[in-house]
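What follows draws every value from the coordinates through simple rules; no lab data is involved. If you're wondering where the values come from, they're calculated on a predicted model, not measured in any experiment. Neighbour counts run over all protein chains shown; Cβ positions are idealised from the backbone, glycine included.
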Amino acid sequence: MKFRSLAVALVAGALVLAGCGREGAPPAPGAPAGDGGTAAAAAPTFAVAENVQLPDSPTFQRMQERGRVIMGVKNDQPGLGQFDPTTNTYSGFDVEIGRLVAAKLGFDPTSEIDYVVVQSAAREDAISRGDVDYYVGTYTINDNRKQRVGFAGPYFVAGQDLLVRADDTSITGPQTLQGKKVCSVTGSTPIQRVRDQGLTQPENIVEFQTYTQCVDQLLQGQVNAVTTDDAILKGYASQRPDELKVVGQTFSTEPYGIGVPRDDTALRNKVNDILEEAYADGTWQQIYDATLGLSGSPASAPQVERY
Ligand code: GLU
């Protein structure tokens with residue numbers, strides 16, 4: 001009980017601390033991103049749609065009245081959703097997908113988006129309370145979550161993998177985790193899978209609110225592995241190639257969706273239309289190539305699955 005209320009307080013604190021951010025001026029074209037990783041300047045720009053009408057979407061009505069989009073994101077996942085305090089900007093594949101959606105809904109992605117950082121465990125609450133209009137942050141579509149939120153997409157398919165220290169030869173896949181300390185994030189599908197499949201003993205599962213905290217534990221030798229989606233882990237490994245490596249044996253399918261309020265079918269349909277158009281006209285590929293694709297792994301757009 002004590003631990004539970006602490007965890008709840010931590011989640012609430014993370015939401016408040018992250019607050020609501022407007023970005024500063026984006027870096028000049030060609031300027032380095034400042035994080036040595038994703039080059040914000042290489043990301044495509046999106047034409048802002050005019051006269052968008054979505055009378056059946058209460059979320060869209062609120063966005064229009066406000067004149068701004070409140071977008072839920074991650075801020076510590078390089079290549080996907082990362083905040084750079086030196087330029088005061090967010091970058092990454094998820095962030096660009098979210099900006100594309102904003103533009104196609106009629107909002108200027110460079111000046112009319114407020115970013116709210118929401119960690120994995122707080123997503124369903126943040127979306128269902130209306131704290132964010134939509135959420136784009138490595139958010140796996142599944143039936144359990146569909147009971148509380150709606151999902152457009154998928155716009156990418158990842159798979160659960162393992163991040164270990166570069167000199168570790170003992171962990172080669174999920175079946176080699178017994179007796180090892182494994183770190184993941186509260187409320188994520190990967191931590192649930194470690195539990196459900198008994199990949200290590202319950203007392204060896206270490207749980208934090210962010211993957212950055214897990215990676216710190218790994219670097220300090222407090223845990224043996226970090227587990228989550230390969231796309232996320234590759235970003236951390238590329239920042240410290242001498243110290244970390246991704247095992248490279250994925251053992252799940254994680255289709256990423258854009259989280260929207262559960263009953264806002266009009267918004268969900270519209271976001272699916274936006275994604276399908278971006279798959280067909282090459283915009284998705286451009287976004288991928290400018291962000292996640294920089295790591296060298298090619299990918300193509302998945303199929304939208306409407307429900
Ligand atoms: N895609 C997984 C999930 O939605 C892991 C990544 C994350 O925690 O955001 O739970």
Problem - Sites Q178 and D114, calculated FRET efficiency, Cβ-Cβ separation with R0 51 Å, nearest 0.05 - result: 0.70
Practice task
Subtracting the Cα-Cα distance from 0.36 nm times the residue separation, let me have the gained length for T169 to T86 in nm, one decimal.
Solution key: 26.2 nm
Exercise for the section: Would you mind getting me the FRET efficiency between T265 and A299? Use the beta-carbon distance for r and R0 = 35 Å, nearest 0.05. Expected result: 0.75
Handout entry: Calculated FRET efficiency for the pair V52/S128, C-beta based, R₀ 35 Å, to 0.05
Key = 0.90
Exercise for the section: Just grab the label-to-label distance for Q201 and N142, each label 7 Å out from Cα along the Cβ direction, in nm (one decimal). Expected result: 2.5
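Can you list the GluC sites (Glu not before Pro) in region 258-306 that are in a DSSP coil and have 14 or fewer other beta carbons within 10 angstrom? Could the numbers behind the result be given before it?
Details: sites: E276, E277, E305; in loops: E305.
For GluC sites (Glu not before Pro) across region 258-306 that sit outside H, G, I, E and B with at most 14 neighbouring Cβ atoms in 10 Å, the list reads E305.
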Practice task
For the chain, list log₁₀ I(q)/I(0) at each q in 0.07 Å⁻¹, using the Debye formula over Cα point scatterers of equal strength and ignoring solvent, two decimals each.
Solution key: -0.26
